[in-house]
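The values are calculated or read from the model by the stated rules, or taken from the named source; none is laboratory data. Note that the structure is a prediction, hence the values are computed from the model and not measured. Cβ placement follows ideal geometry from the backbone for every residue including glycine, while neighbour counts extend to all protein chains displayed. Side chains included, ligands, DNA and RNA excluded: accessible areas come from the protein's heavy atoms. Shrake-Rupley method; radii C 1.70, N 1.55, O 1.52, S 1.80 Å.
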Amino acid sequence: MSTDCLFCKIANKEIPAKLVYEDELAVAFEDIKPVAPVHILVIPRKHISTIDDISSKDTEVIGHLFQIARKIARTKGLSERGYRLTINCKADAGQLVFHIHLHLLGGRKFTWPPG
Ligand code: AMP
Ligand code: ZN
C-alpha cells in the first residue's frame, strides 16, 4: 500500500469506485472517464508503480490480471467480437496513475496503430 496512491485507496475502499470484481489479489472497477462502452480497470492490490517495476515475484499476479479481464470480457459479452487490453507504461505511453492497471476496452471497434 502506498499512502498517497489513488488506486491503492480504491482497492482499500477509502475512495469509492464502481467495483465489478474483487479477490485477494486484485480489484476491477469502471473507469471514471470511459473511452469505450466498456472501460474497466483491473489492478493488483499490491502497489506496483509501472510495468517497468514488476519483479519475477509478481509474475503470478500480473497473469491473474489477464485472467480477470478475460472473465469480465466474457460476462460483458465481448468475447466473440473482441476487445482491447492495454497497459500504459510511463510518460510516452500516457500513464497518468502510477499504480499498474490493465485497461479492458470493448463494445466498439479500435484502430491500429494507436495514436
Ligand atoms: P493511464 O493513463 O493508463 O494511467 O489511465 C488512468 C485511468 O484512470 C484513466 O483512464 C482515468 O480515467 C482513470 N481514473 C482516474 N481516476 C479514476 C477514479 N477515481 N476512478 C476510476 N478511474 C479513474
Ligand atoms: Zn497504489
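Test of the criteria: in region 43-115, which chymotrypsin sites (Phe, Trp or Tyr not before Pro) are in a DSSP loop and have at most 14 other Cβ atoms within 10 angstrom of their Cβ?
Numbers: sites: Phe66, Tyr83, Phe98, Phe110; in loops: Phe98, Phe110.
Qualifying residues, ordered by number: Phe110.
Can you send over the carbon and sulfur percentage of the accessible area for the chain, probe radius 1.4 Å, protein chains only?
Details: 3910 of 7270 Å².
Solvent-exposed carbon and sulfur of the chain make up 54 percent of the total.
What is the chain's relative contact order, in percent, from Cα pairs under 8 angstrom and six or more apart in sequence? Can you show the working numbers first?
Numbers: 165 pairs, mean separation 33.6, N = 115.
Result for the chain is 29 percent.
State which stretch of the chain is the longest one without any exposed GluC sites (Glu not before Pro), exposure meaning a DSSP loop state and at most 16 other Cβ atoms within 10 Å.
25-79
Where does the charge balance sit around Leu85 when Lys and Arg score +1, Asp and Glu -1, over other residues with C-beta under 14 Å from its C-beta?
Details: positive: Arg70, Lys71, Arg74, Lys76, Arg84; negative: Asp31.
Summing Lys/Arg as +1 and Asp/Glu as -1 gives +4.
Taking only protein heavy atoms into account and a 1.4 Å probe, give the accessible area per residue of the chain in Å².
Values: 7270 Å² over 115 residues.
Spelled out: the 1.4 Å probe surface of the chain, per residue, equals 63 Å².
Using the Cα atoms of region 6-106, I'd like the radius of gyration and the largest Cα-Cα distance, Dmax, both in angstrom.
Gyration radius and largest Cα-Cα distance of region 6-106: 12.8, 36 Å.
By a straight-distance test (C-alpha under 21 Å), which lysines pair with Lys13 as possible cross-link partners, with residues fewer than eight away in the same chain excluded?
List returned: Lys33, Lys46.
Between the alpha-carbon centers of region 88-104 and region 1-29, tell me the distance in whole angstrom.
Result: 16 Å between the Cα centres.
Using a 7 Å offset from the Cα along the Cα-to-Cβ direction at both Ile32 and Cys89, what is the distance between the two label points in nm, to one decimal?
Inter-label distance under the simple model: 2.6 nm.
With springs connecting C-alpha atoms under 10 Å apart, model the chain as a Gaussian network and identify which of Ala93, Ala36, Ala11 has the largest mean-square fluctuation.
Comparing Ala93, Ala36, Ala11 in a Gaussian network model of the chain, the most mobile one is Ala93.
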